Amino acid sequence: MAEKHLVHLGWVLAADTNKKEVLTVSENVCHKLKQTLAQQFPQFRWQIDFVHRHRFAPKGSLNPLPLLELGVQEKIAQHWDYVIVAVPNALRARDRVHTIGIPSSALETAVLSTASLNRRDPDKLTEQMIMLSLHLLGHVWGIEHCDEGPMIPPETPEKLQYAPFPAFQQEIIVDRLEEVADQRLEEQSQQWNSVIFYWRAFWADPKSILIDIVGYAPWLLPFRMARLTAATAVSLLILLLTAEAWEMGVNLPPSRLIFGTVSAILIATGFIFAGKNLGQISRDVGWREQLTRTRLVVVGTILFGMVSLWLILFLFSLMVGWLLPGEVLSRWVQMNSVDRLMLFRHAAFMAMLGVLAGALGGNLEEDVAIKARLFFDEET
């Protein structure tokens, strides 16, 4: 009989407290969560380690981002596959009024708050924490909300009642875990080239990486980054009413437009990724497949976000070109008429410049804001 693959989870209590009841509940949750996962996914051998870090005072509200970063650091140091960081504090929500958990499939980490759970009844608290953990892990594993099982949106703590993952979700999770349980790349060799390591890291699990990228809805990124959108809009409005920009745009050959578009998207992606230090996820050094995978997800999300921005700007510029009077355009481009092909060329040129302007605006976004957009799957 083949040996079962190990799935190694970590549970980090990040509160500066020595209350026995808090420690006991966390240890019980680890034990029962392991039993629950082993029952639902007997194909794997489960291990959950409990670690207590006296990092945050158990009072007041906390920004989830430092908690996620702590989880990533512990995950890499302890060689875990996934980690949940638990705190008794409330979490500061960005988009919602209130949140009790933050999953991050890019970081393979989740943050859990017990502030709104039933802390008067230890048994009820344990059950709610287990169900919230399953919900957060479900998001980390690429599962979306549904009307049954742990992925029912827990709008109130009372809805956190035990229910197994339905069969169709279990199939998705098993497929994801089989990829994760394989040997890490850094364990296969000590000598790696940067390009080869990133290439191998992508092809080790391309499906889950692409699922995570799609899960972050990169096509909405231009609408979620206010300064990027503002820089793009201002630049585009000025260029659309500039005769020189029209004259240059309609005369550019398609080959240069294609090269310029691809270059602009790649430059914008690299500019935002490097400018906001999005690759600095952990203090850990050396080759780590988990960190490389996270960087690939982040780069992919930004890349597809820039492609979406280009398409939006292209369509907007094309619409403006159709709406402007033909006589005005003819004078601007110094031609008798402006045909459809010229309008397409000009729209592509405007979109290319708009993407570059957007990258400058994106680099002005606050670090916490842009990391939250790229790392948070949702505010549960």
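FYI, it's all coordinate maths here, none of it is from the lab. For clarity, every value in this text was computed on a predicted model and none was experimentally measured. Backbone-built Cβ (ideal geometry, glycine too); neighbour counts: all protein chains shown.
Modelling each spin label as a point 7 Å along the Cα-to-Cβ direction, I'd like the K19/A77 distance in nm, to one decimal.
2.5
As a test of the formula, what do you get for the chain when each DSSP H run with n ≥ 4 contributes -39,500 (n - 2.57) and the sum is divided by the residue count, at 222 nm and rounded to the nearest 500 deg cm²/dmol? Please list the in-between numbers first.
On the way: 14 runs with 215 residues, N = 380.
Computed ellipticity for the chain at 222 nm equals -18500 deg cm²/dmol.
What do you get for the angle between helix 194-204 and the principal long axis of the chain? Use alpha-carbon atoms, 0 to 90 degrees, nearest ten.
With both axes taken from Cα atoms, the answer is about 70 degrees.
Treating the angle as unsigned and between 0 and 90°, give the value, to the nearest 10°, between the Cα long axis of helix 340-362 and the longest Cα principal axis of the chain.
Computed tilt is about 40 degrees.
Using 0.36 nm times the number of residues separating Y162 and L210, minus their current alpha carbon distance, what extension gain do you get? Working shown, then result.
Values: separation 48, 0.36 × 48 = 17.28 nm, distance 3.02 nm.
Computed gain between Y162 and L210 is 14.3 nm.
Please give the helix 289-323 orientation as an angle from the longest Cα principal axis of the chain, in degrees from 0 to 90, rounded to the nearest 10.
30
Quick one: among F273, F41, F168, which has the greatest mean-square fluctuation in a GNM of the chain with alpha-carbon springs under 10 angstrom?
Among F273, F41, F168, the largest mean-square fluctuation in the Gaussian network model of the chain belongs to F168.
Select one label from (i) 22.2; (ii) 22.9; (iii) 21.6: the one whose number is Kirkwood radius over Cα pairs in Å as derived from the coordinates shown.
Label of the calculated value: (ii).
Report the FRET efficiency, 1/(1 + (r/R0)^6), for N28 and R94, where r is their Cβ-Cβ distance and R0 is 35 Å, rounded to 0.05.
On the way: r = 31 Å, r/R0 = 0.90.
Using R0 = 35 Å, I get an efficiency of 0.65.
Tell me, S308, S61, S337 in order of fewest to most beta-carbon neighbours within 10 Å? Walk me through the intermediate numbers first.
Working: S308 17, S61 13, S337 10.
In increasing order of surrounding Cβ atoms, one gets S337, S61, S308.
What is the distance, in nm, between label points placed 7 Å from the Cα along the Cα-to-Cβ direction at V195 and at L241?
Each label point lies 7 Å from its Cα, and together they span 4.7 nm.
State the Cα centre-to-centre distance between the range 236-280 and the range 9-77 in whole Å.
45
Please report, to two decimal places, log10 I(q)/I(0) for the range 194-375 at q = 0.12, 0.15 Å⁻¹ as given by the Debye formula with identical point scatterers on the Cα atoms and no solvent.
Here the Debye-derived log intensity ratios amount to -0.62, -0.86.
About its Cα centre, what dipole magnitude does the range 194-375 give when the only charges are +1 on Lys and Arg Cβ and -1 on Asp and Glu Cβ, stated in debye to the nearest 20? Write out the running numbers ahead of the final one.
Values: 15 positive and 11 negative charges, 82 e Å.
In total the dipole reaches around 400 debye.
Given a Förster distance of 35 Å, report the FRET efficiency between E3 and Q35 from their Cβ-Cβ distance, rounded to the nearest 0.05. Could you put the intermediate results ahead of the total?
On the way: r = 20 Å, r/R0 = 0.58.
Rounded to the nearest 0.05, the efficiency is 0.95.
Taking the alpha-carbon distance from K19 and a cut-off under 26 Å, which lysines remain once sequence neighbours fewer than 8 residues away in the same chain are dropped?
Leaving aside lysines fewer than 8 places away in the same chain, those within reach of K19 are K32, K34, K59, K75, K124.
Quote to one decimal, in nm, the extra length available between S61 and N251 on full extension: 0.36 nm per residue of separation minus the C-alpha distance between them.
On the way: separation 190, 0.36 × 190 = 68.40 nm, distance 5.68 nm.
Here the segment from S61 to N251 would lengthen by 62.7 nm.
Between N363, N118, N251, which gets the highest mean-square fluctuation from a Gaussian network model of the chain, Cα cutoff 10 Å?
N251
Between W219, W199, W46, where does the largest GNM mean-square fluctuation fall for the chain, given springs only between Cα atoms within less than 10 Å?
W199
Would you mind estimating how fast the range 5-180 diffuses translationally, via Stokes-Einstein at 25 °C and 0.890 mPa s with the Kirkwood radius over Cα pairs, in µm²/s? Working shown, then result.
Values: Rh = 16.1 Å.
Estimated diffusion coefficient is 152 µm²/s.
Which of the listed residues, L360, G321, A217, is farthest toward the dipole's positive end in the chain, when Lys, Arg count +1 and Asp, Glu count -1 at the beta-carbon?
L360
Which value, in debye to the nearest 20, gives the size of the charge dipole of the chain about its Cα centre, when Lys and Arg are +1 and Asp and Glu are -1 at the Cβ? Write down the numbers at each step before the final one.
Values: 34 positive and 39 negative charges, 152 e Å.
The dipole magnitude comes to about 720 debye.
For the range 87-245, what class follows from the C-alpha gyration tensor (a ≥ b ≥ c being the square roots of its eigenvalues): rounded when a/c is under 1.5, otherwise prolate if a/b is larger than b/c, else oblate? Mind showing how you got there, number by number?
Details: a/c = 2.35, a/b = 1.29, b/c = 1.83.
Cα axes put the range 87-245 in the oblate bin.
Below 8 Å, C-alpha to C-alpha, sequence gap of six or more: please give me the relative contact order for the chain in percent. Can you show the working numbers first?
Values: 597 pairs, mean separation 71.9, N = 380.
In percent, rounded to a whole number, it is 19.
Tell me the label-point distance for the pair Q280, M335, using the 7 Å Cα-to-Cβ offset, in nm and rounded to one decimal.
4.8
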